[in-house]
Each structure stands twice: as structure tokens, then as C-alpha cells.
């Protein structure tokens, strides 16, 4: 029997961490992720977990402590947002290059400057190619479920890469929703005990971690990271199947919402998908064949699968909640259109930058995107592919 609760996204993440009971949690507070280590610290002080909680002096130190803990053979977790992730930047790359399966709860927030504490995806997009697996969550339930699956994916012997579970700051992190929790004993059995083969405190094997890696070897080591990221695709699907057997909740690389017979569709991530589903339902009641592809797994990017899912459309809009500031659209747009091109998918595609700094994403805005897609589908002319949604002036 699942446990019915009403929790915020941050509470759900903290409870998932409690049920996982990692060896080490190191964290430094930053809005809007502060509540996750705050809630978790109460579990530590109440004796509900036997985790070593390390209250550090900065986010750089938080990731450094997680790196040290994992290198020593411990299961480590942390949480952060925005500028905190930026301050970790050096150690983010070191964690992945050392093949340490650290799990992070990333509550997405705009990166300064100017200073803004509200939601967009600029923090996650800033580290999208750092060698971390990246999974996005539409709602509180998914944030919880993704964290329960995270260690099984990251610690798989064919993967051994760090993983971040993303959710939208304030929109889901501070909003209370109904949620189904899994019983503690089932989570413990599902996640399993962490038993790394190679770690610094193994007296039977002397190893070095983080050594100088010059021309003779770095290329090969980066290739190993790339192969591990490719391996993660199948592992993500395998873990999702086991999770479905336990809970009945089904996950994959993405969710196709009324996409099978759609003529026009939106591609987006995180909480925007919920609003988009509402708009799709409304348009369907009017006889408009609208659909949605909600991307869950951003790294490794399931390019071939995305291209296939979109191949029957007459027009598609890719929504980016951050701008790459490159004059050529956002990161999700670049990845999707690249995948479409390589898989000989010539569906007209347009990019919308939206929601920067927490700007509201309204149903009316999304209806206008679908209206634009109808015009593109009829004319076959994209016009300017780089657009904005909800921008004043």
C-alpha cells in the first residue's frame, strides 16, 4: 500500500533522501532549495537516519565534501540552486570525471546577474555538458520518484556517473500537492546497498583518484565518460521498468501526451508540461489535433527517440526556459533540431524562449504558440525560428 500525503516538492525530495538514508549529505543553503537540507537535517537530529550531515561554508565545499565521501566509498547526496550550482562548477566536472555517482537535487532558479531568485532553467543549462545525468520533473510526485530511481541509475557498473534531479523553483518546490510515497522498506530494497568496487579506503587495492592526466590519457578517459553516458540510456529504462513493477508508475525518456495522432506539438520540460496538457485538452475539445512531448531525460539526450516521436507532425515548437545567448536559440531547441536533422526528420520547427526569471507561463501564451504552429503547418513557412513567449514589448 502506498502512503498518501500532501507535500511540497522540497519536502518530497527530503523524504526521498530520508528513505534512501545516504552515508553523507553535504549542503549549503540557497533559495529555493534551502528547505531540502533543512528538512533533512531534522531527520538527522531526530535519529531517523544515520547519515553524516556536513554543514559546509559554501556550495563549492558541499560538492567537494560529496566528492571526498564518494571517493572514500560512501553514498553521497546534496541539493542546490542557481548561483550555488555555479559556485560548484569546478567540482561538478571533477565529480563526473572521477566517475562518482553523487546524486543532487537541483531546484532550478535563474542565475545572477541581475539577481533573481525565481525559476528558469539557466542553472541546469549551464552544466548540461559537464558529464552529469540530468532528469527533469513535472511535479512533486516526479521529483520524489526520480530521486528514488537516481542511485540505481548512477551507481550501475556500466554508468558510474553523477546524476541531478531537477524541479522548478517555487512552482513545484514550494507548492503542496497530493503525492504517493513508497513504504520505507520497499525503498530500501529498491535502492539497495552501495558497494563500490573501487574506493580510496579499500586497503586491499591501492588506487589514485584525480591524478594529473595529460596528453597520453585524458582523451581516452573522456571517451570512457561518453560511453558511460550512452550506457545510461538503457539503464534508465531498465530501472524505470523495475520502478513500475513496484509502484505502477511508468517512466521513460519522455512522455507523449496525445502525441500519437497530433499534427502540431510542443516540446518542453518540467512544470510547464502541466499547463501545456491543460491547453492540449482544450484545443482537442475544439477539434485541433494538438500534442505534447514532455522531455524527462535531458542527459543522456535521447535524440533518435525524440526525432522518431516527432516525425509525423506538421509543425513543432520547442520551448526553452533559458536563452543560450548565442543568437541561435536555446539549448533544448538546438538538441532537438540536431536530432531531427540527423534522423532525416524535416518537420518545421520553431523555438520559443520563455519564463525567464520566473515570468508566468499562462495558458493563453501556450494557445498562441499552438496558433502559430497551425499557421506554420498550413503554409510550411517557419519565418523567424527564434521567438519569445510572454515577453513585454
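The values are calculated or read from the model by the stated rules, or taken from the named source; none is laboratory data. All figures in this text were calculated on a predicted structure; none of them were measured in a lab. Cβ: placed from backbone, ideal geometry, glycine included. Neighbour counts: every protein chain shown.
For residue 368, state whether it is touching a helix residue (DSSP H, G or I) at 6+ places or on another chain (Cβ under 8 Å), over 19 Å from residue 129 (Cβ atoms), surrounded by fewer than 18 Cβ atoms within 10 Å (Cβ to Cβ) and free of Cβ contacts under 8 Å to residues at least 60 places away in the same chain. Spelling it out, it is not the case that residue 368 is touching a helix residue (DSSP H, G or I) at 6+ places or on another chain (Cβ under 8 Å), over 19 Å from residue 129 (Cβ atoms), surrounded by fewer than 18 Cβ atoms within 10 Å (Cβ to Cβ) and free of Cβ contacts under 8 Å to residues at least 60 places away in the same chain. In segment 138-161, which residues are more than 21 Å from residue 76 (Cα to Cα) and either in a loop (DSSP other than H, G, I, E, B) or without any contact (Cβ under 8 Å) to a residue 60 or more places away in the chain (or both)? Within segment 138-161, 138, 139 meet the criteria. Could you say whether any residue in segment 146-160 is surrounded by 15 or more Cβ atoms within 10 Å (Cβ to Cβ) and more than 25 Å from residue 63 (Cα to Cα)? So far as segment 146-160 goes, no, none of its residues is surrounded by 15 or more Cβ atoms within 10 Å (Cβ to Cβ) and more than 25 Å from residue 63 (Cα to Cα). Scanning segment 345-356 for residues being loosely packed, with under 14 Cβ neighbours inside 10 Å and in contact (Cβ under 8 Å) with a residue 24 or more places away in the chain gives a total of 0.
Matching residues to (1) within 25 Å of residue 145 (Cβ to Cβ); (2) touching a residue at least 12 places away in the same chain (Cβ under 8 Å); (3) in the same structural domain as residue 139 (by TED's automatic domain parsing); (4) in a helix (DSSP H, G or I):
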residue	(1), (2), (3), (4)
283	no, yes, no, yes
288	no, yes, no, no
317	no, yes, no, no
326	no, no, no, no
335	yes, yes, no, yes
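Considering (1) outside any helix (DSSP H, G or I); (2) under 19 Å from residue 303 (Cβ atoms), the lone condition that residue 230 does not fulfil carries the number (1). For segment 241-251, the condition of being in contact with a helix residue (DSSP H, G or I) (Cβ under 7 Å, 6 or more places away or on another chain), free of Cβ contacts under 8 Å to residues at least 40 places away in the same chain and loosely packed, with under 12 Cβ neighbours inside 10 Å holds for at least one residue. Filtered by the rule that a residue be assigned to a helix (DSSP H, G or I) and out of contact with any helix residue (DSSP H, G or I) (no Cβ under 7 Å at 6 or more places or on another chain), segment 21-49 gives 37, 38, 41, 42, 44, 45.
Against the criterion of being more than 19 Å from the chain's Cα centre (by Cα), part of a helix (DSSP H, G or I) and free of Cβ contacts under 8 Å to residues at least 60 places away in the same chain, residue 308 qualifies. Considering only residues that are surrounded by fewer than 22 Cβ atoms within 10 Å (Cβ to Cβ) and either free of Cβ contacts under 8 Å to residues at least 12 places away in the same chain or in contact with a strand residue (DSSP E or B) (Cβ under 7 Å, 6 or more places away or on another chain) (or both), which ones fall in segment 66-93? Result: 68, 74.
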